[in-house]
1. Using only Cα atoms and rounding to the nearest 10 degrees, what angle (0 to 90) does helix 321-343 make with the longest principal axis of the chain?
2. Can you compute the modelled spin-label distance between Gln368 and Thr127, with each label point 7 Å from Cα toward Cβ, in nm?
3. Antiparallel as a % of all DSSP beta bridges within the chain, to the nearest 5?
4. Among Ile171, Ile17, Ile337, which one shows the biggest mean-square fluctuation in a GNM of the chain, springs joining Cα atoms closer than 10 Å?
5. Full extension from Glu172 to Ala307: what is 0.36 nm times the residue separation minus their Cα-Cα distance, to one decimal in nm?
6. Show me 130-137, 39-46 ranked by packing, highest mean number of other Cβ atoms within 10 Å first.
7. Return the distance in nm (one decimal) between the two label points of a simple spin-label model at Ser268 and Arg97, each offset 7 Å from Cα along Cα→Cβ.
8. Who wins for biggest fluctuation among Asp139, Asp59, Asp105 in a Gaussian network model of the chain, springs between alpha carbons below 10 Å?
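Nothing in this text is a laboratory measurement; each read-out follows from the coordinates by a stated rule. Since the structure is predicted, the reported quantities are computational estimates derived from the model, not experimental observations. Note: ideal-geometry Cβ built from the backbone for every residue, glycine included; neighbour counts use all protein chains shown.
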Amino acid sequence: MQTTGGLDKNGVGADRIDVSVLVPVLNEERHIRASVSAMLGQRFAGRVEFLFVDGGSSDGTRATLLDLAHREPRVRVLDNPRGSTPSGLNIALSHARGRWVARMDAHTRYPPDYLALAVERLQRGDTRWVSGPQVATGDGRVSRAVALALRTPLGRGGSRKWGTVDGHTNIEYELDSGVFAGVWERETLLEYGGWDEGWPRNQDSEMAGRFLARGERLICLPAMAAQYTPRDSLRSLWHQYLQYGDFREKTAVRHPHTMRRSHLIAPSLVVTIGAAVGAPRPVRRVARAGLCMYALALAGAGFRAAADATDAGDRSAAALVPVVLAVMHFAHGAGAIKGSIRRGPPLAAIATALGARQLAARFTSPPQPVSAPSLHRSATGVAPLHDL
């Protein structure tokens, strides 16, 4: 491109950035080069910068990123002293120079026109949040089983953010608070106060609650489907969903309108187990009958996953689908109960999900401010960070 006095042939600043991509990272050495390479392959008719925010990696992630930044001017590396995902996103947002901002994860594979599709849809209007479905693709037996489970109704839990590799359609649809990252105008994110740093998990859903409370439409474009690899051990899967349940409950306390009836199933299963063990005999019998029906539903999901499996690896993993579903459900339920004990039950959210709106209004708390110290400190220079 020919430039004159810092302007291109159209009179636009040659150093203008169109899209800033925000990428929090922590100990991603194993696949960070491949992730960065894929991100740099985005097909976009404009200038893009990639802001990688390191949360204190103890492996070679930081050194790799610095090497990549030295070779590739579109890559910038920032420090994230607090170490959490939302603080990293806020730091990147405060340094972003583009009109448009996208959140990407280092362990997710995005289609090459992800940014172009999102910006084009945002420019058409009637929405300020555009994202794509989240597609689970397994790597390892447990990981494959989780991916298969997430293709079943018992795994998706009523959320529309989940997609499949072969399930693309050109028809867009709206999402509730179940979202997977997204693309926005930078000024929109600043208007909403960035990501709340009290949500190390579920931070996108918490932000979605704020958008939905003001009547915003959250649009999902199937063509923007991005693939991620689920956890490959039952232990890590348990801890992941335990946190999901905990912070989903916290989101419901802050934003009662984000709770779906399906969110009540997992904690109800945990309560049912307790009733099956220690309740009076009549209640114990009913609880045990309910658990038997649940076990049959899990088995049915496993048989369906085996029938739909397309290769030997998936057919082998299908035998674990009932197990991973049970881990996901009971961990999520235990996390929700844990959160309810710590913060109090989300009574307004439960009433809203059950359709008791007048009762919900009695329990609804006043709106709370967004806690985003990393955004404000970085923006005001109170705690300067390294842009290397």
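1. 80
2. Taking the two extended label points, one gets 2.9 nm.
3. Here the share of antiparallel DSSP bridges comes out near 35 percent.
4. The residue with the greatest mean-square fluctuation here is Ile171.
5. Details: separation 135, 0.36 × 135 = 48.60 nm, distance 2.88 nm.
Stretched out fully, the Glu172 to Ala307 stretch lengthens by 45.7 nm.
6. Details: 130-137: 21.8, 39-46: 14.8.
The peptides rank, most packed first, as 130-137, 39-46.
7. Each label point is offset 7 Å from its Cα along the Cβ direction, giving 5.3 nm.
8. Asp59
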